[in-house]
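Reviewing the structure listed below.
Values quoted throughout were computed directly from the atomic coordinates according to the rules given, and no laboratory measurement underlies them. Keep in mind it's a predicted model, so treat the numbers as computed, not measured. In this analysis, Cβ positions are derived from the backbone assuming ideal geometry, glycine residues included, and neighbour counts consider all displayed protein chains.
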Amino acid sequence: MKIKNYLDKILIAIVIIVIIIIGIYNKSKENNVDNSDILNNVLETNIEKFESKKNEKFEKKTKIQDEEIYAYITGCVKNPGVYKLNSTSRVKDLIDKSGGFCKDADLESINLSQKLKDEMKIHVNKIGEVKNQKSANHVESTDNEQKNGLSKININTASKEQLMTLPGVGSSRADEIIKYRSKNRFQSIEDIQNISGIGQKSFEKIKEKIIVD
C-alpha cells in the first residue's frame, strides 16, 4: 500500500512537471513570435526610412544636375565663346565643349578639375604668354577686390603662378595647395594651414592677401 501511494505521488509529480514544461514551451513560442513580429516591424521601418533618404538625395542630385550655367572661355582653345553647361561641370567640360586646346596651349596654366560657376570667364594661356595676365583659373569678379583696389588671391581657383606671388609660397608649395583643393576644397582661409609648411606665422603674412569662394 505504501509503495502504491509512493508511486502515485511520483506519477503526479511527473504529470505536473510535464505540464509546467509544456506551459513554458508554449509561452516561449509565443514570445518568439512576438519578438519576430517586432523585429520585422523595426526592419521594415528602417528600410522605409533608408529608401526615403535615398530618394531625397537622388532628387536633390538630379535637381543640381538639371541647373544650367553659362561660362565664357577665351585664349588658346579651338572655339572660344560662351557655352551652356550644367552646374556640376568642371573646367575640363568647358574645354571639351570648346573643341579642346590649341596645339600651343600652356596646359600647366589651367586647373582642369576646377568647378565652374555661372558667368565665369576662363582664359587659356599660350606657351610663353606673359605670366601676369589673368590666367585660366582666375575668375574676373569684383568680389575678389580689396577696398584699396588690389586683388586678393582666391586659393580655390588661383593658378600656380598666382599662388606663387604669395609670401613664402614657392613652386612646390603651390603644387601642394592645388593638390589639396582638388580633393578637399578650402572652406575658409584658415584651412590653408593644413598645407605642410604653412603654420601660424606664415598664415599671418598671407591672410590679408587670400580669400575663398
Inset, instruction - Set the Förster radius R0 to 45 Å, insert the Cβ-Cβ distance between K201 and E48 as r into 1/(1 + (r/R0)^6), and round the FRET efficiency to 0.05. - result: 0.25
Inset, instruction - Before anything else, pin down the relative contact order of region 66-122: Cα pairs under 8 Å, at least 6 apart, normalised by residue count, whole percent. - result: 45
Inset, instruction - Take the cross-link list K115/K152; K103/K209; K92/K207 and give me the ones stretching past 27 Å between alpha-carbons. - result: K103/K209; K92/K207
Legend entry - Cβ-derived FRET efficiency at R0 22 Å, S188 paired with K115, nearest 0.05: 0.80
Legend entry - Theoretical FRET efficiency, 1/(1+(r/R0)^6), r = Cβ-Cβ of K103 and V82, R0 30 Å, to 0.05: 0.80
Inset, instruction - Grab the Cα-Cα distance for K126 and K209, subtract it from 0.36 nm times how many residues apart they are, and report the gain in nm with one decimal. - result: 27.2 nm
